[in-house]
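The values are calculated or read from the model by the stated rules, or taken from the named source; none is laboratory data. Fair warning: this is a prediction, and the values are worked out from it, not measured in the lab. In this analysis, Cβ positions are derived from the backbone assuming ideal geometry, glycine residues included, and neighbour counts consider all displayed protein chains.
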Amino acid sequence: MKVGLRGKLSIALVSLALIPLVVVTMALVRVNVRSLEDSAKNYRLAVAHNAVNAVRGTLEMARSELLTARRILRQKGLDVSERMRLLRAALAGADVIQSIAIFSAKGQLADSFVEKGKTPYIDAPKRLSKKVMKAALAQTVHYLKSQKGQKGQFAIPFVIPVRLEGGRLFGFLWASIPIHFLHKKLKKLSALRFEKQSDRIFVIDSESHILSHGKSAMLGQKVHKKLDEATRFVRQGLGYTLKYDKQGVAYIAALEPITELGWIVVAQDDIGKVFASVRITLQRALIVGSVFALLALMLGLWMGQRLAEPVLSVSEAASKVASGDFRVRVNVPSHDEVGEMARSFNQMATDLQGYETQLIEETRIRTDLSRYLNVDLVEDIVDKRLPLKLGGERKEVTVMFADVVAFTPLTEQHAPEKIVAILNELFTFLTEIVFKHDGIIDKFLGDCVMAVWGAPVGDEEDAFKAVRAAEEMLRWLEVGNSRWKKELGVTLNMAIGINIGEAVVGNIGSEKRMEYTVIGDSVNIAARLESLARPGQILMTQALADHVEEEFDCESLGNYQMPDGKRSIELFTIVD
């Protein structure tokens, strides 16, 4: 059949319109798919990291419960029956563990306790291997390979060493963490992050078998070959994302390691659901281009612009999210698949922004608090284990006052800016030394530092740690003086007073402004000792000297009459 010029032009116009329409639409969708895929990978990595934190939170909870039992064993002045009663009470109040086994220093099973009305997840061994005991002593807490219990449920045994006063090894504590405790957390997190789908987050063990999953039928099964191959990279401590096909379904997965257990957390989703709106948009674009072939040029451009604008908006927003800007949102008022894709993207960005805000806020709180308190106390406050409320309690504490001797003449010889810089440098190192030895900074008093051990949580080593910290301060000052001698022409000296005794510990002030501090006569005596100490000298009371005489040689300097005239105290110092 002969085709005339009108027909040829019509065919050419239709061809010229349809081909660019198809090519442009496909290119835009492809760009959007890549951007959305990057965002999806980042989102799943964030979810997997969140799941890792949930698992580690459970491990930390179980470790904290077993540490409570260790503190009971290390507590002085308790007979066997009272110690056993306290251990059972601690076990009854535990959320994770429900049985505890006590092993001797040689690894033999000495005794075991089970929460009333419960059965152990797994039975404790009759003896700990030398390898397990060595690892527990080196790591403080040692997690063993997961085991299958009598009821078919898996649990993670772990061991911590118990040392008595002076560092003598008493034995080991053994407990187990049930895997089903993790199931609930991961199913809830999966339903929250993946539109009520509770099986999108799961855990695989060191042999690539599924250890925790939203579907119980998947437990114990070997993971897909692609996931198994990816674990080689993840076990090196790096996050990893990949795409793979399983039984005709394409998945996108993010893997995050839990190195201390040899586990890997996987967060995956159906790629078809993630990118369904993009495929539908492409199909509709081709249909529209075919239907309006006669109006190809004008209508094609109009439809291309109409379809390209929302897709480009999502693509541009996805690029911003991929670069870390989670505040971006896409405004697509339509109710078709493109609009649904935009709303899904907005929800994803909102979730990421919330997670980022929470992370930033927690980091800010920890950073601010760590300027005053050690890391363990900061964690107790952030996790609300230590309530910030007015009031106090009596506790035995060790108090130190460390003062720069003859600092006033130095301020008269140098510019204030120089003095402040030196004080800041000095206080920085003194603070690090106090934190290193598990103390807290109570306050800075001009050129004096007040530090406390035993609050809010006491330890049998508090007195030793305070004296060790004082000695390290004087050693560090010798290093600092080598430079300050050149800059100032003088050297700095410190006088230190330390005392141990009972004091009131708590938050003092008002509801809007409070200070965590210690108050009592023992604090006043420590301050008095600091004022009596000579440069480079550490003064202490007889009570403190009696505590630390096993490690330090203490020499008596005679009695000192207190200003009230009613009592005197015997002064001691450390013999080099």
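Worth pointing out:
- Residue in the stretch 483-498 that is loosely packed, with under 13 Cβ neighbours inside 10 Å, free of Cβ contacts under 8 Å to residues at least 24 places away in the same chain and within 24 Å of Phe464 (Cβ to Cβ) present: no
- Sole residue being among the hydrophobic types (A, V, I, L, M, F, W, C) and either exposed (fewer than 14 other Cβ atoms within 10 Å of the Cβ) or within 26 Å of the chain's Cα centre (by Cα) (or both), chosen from Val452, Val405, Val467: Val452
- All positions within the stretch 99-145 that are closer than 19 Å to Ala155 by Cα, in contact (Cβ under 8 Å) with a residue 60 or more places away in the chain and part of a loop (DSSP other than H, G, I, E, B): Val141, Lys145
- Residue count for the stretch 529-544, restricted to those that are more than 10 Å from Ile498 (Cα to Cα), aliphatic (A, V, I, L, M) and touching a Phe, Trp or Tyr at 6+ places or on another chain (Cβ under 7 Å): 1
- Qualifying residue in the stretch 139-151 (condition: among the aromatic types (Phe, Trp, Tyr), touching a Lys or Arg at 6+ places or on another chain (Cβ under 7 Å) and either closer than 29 Å to Lys185 by Cα or in the same structural domain as Glu260 (by TED's automatic domain parsing) (or both)): no
- Extreme residue, nearest to Val523 (Cα to Cα), among residues of the stretch 436-467 that are at pLDDT 90 or above and of a type in the set (Phe, Trp, Tyr): Trp453
- Per the conditions (1) at pLDDT 90 or above; (2) in contact with a helix residue (DSSP H, G or I) (Cβ under 8 Å, 6 or more places away or on another chain); (3) over 22 Å from Gln542 (Cα atoms), the sole criterion not satisfied by Glu502 is (3).
- Residue within the stretch 469-485 that is of a type outside the set (D, E, K, R) and within 30 Å of Arg70 (Cβ to Cβ) present: yes
- Among the residues examined, Arg63 qualifies as part of a helix (DSSP H, G or I) and crowded, with 17+ Cβ neighbours inside 10 Å.
- Restricting attention to the stretch 520-529, the residues that are among the aliphatic types (A, V, I, L, M) and either farther than 12 Å from Lys443 by Cβ or at pLDDT below 90 (or both) total 3.
- If only residues of the stretch 155-171 that are in contact (Cβ under 8 Å) with a residue 60 or more places away in the chain and touching a Ser or Thr at 6+ places or on another chain (Cβ under 8 Å) are counted, the one that is farthest from His209 (Cα to Cα) is Gly171.
- Qualifying residues in the stretch 218-253 (those that are small (Gly, Ala, Ser) and under 27 Å from Lys148 (Cα atoms)) - the one surrounded by the fewest Cβ atoms within 10 Å (Cβ to Cβ): Gly237
- Residue among Glu412, Glu396, Glu478 that is more than 25 Å from Glu60 (Cβ to Cβ), more than 29 Å from the chain's Cα centre (by Cα) and at pLDDT 90 or above: Glu396
- Residue within the stretch 172-188 that is assigned to a strand (DSSP E or B) and at pLDDT below 80 present: no
- Candidates Glu478, Glu530, Glu515, Glu472: the one that is free of Cβ contacts under 8 Å to residues at least 12 places away in the same chain, of a type in the set (Asp, Glu) and more than 24 Å from Lys76 (Cβ to Cβ) is Glu478.
- The residues in the stretch 92-113 that are surrounded by 15 or more Cβ atoms within 10 Å (Cβ to Cβ) and within 19 Å of His180 (Cα to Cα) can be counted, and the count is 6.
- Restricting attention to the stretch 66-97, the residues that are farther than 20 Å from Leu128 by Cβ and not in a helix (DSSP H, G or I) total 9.
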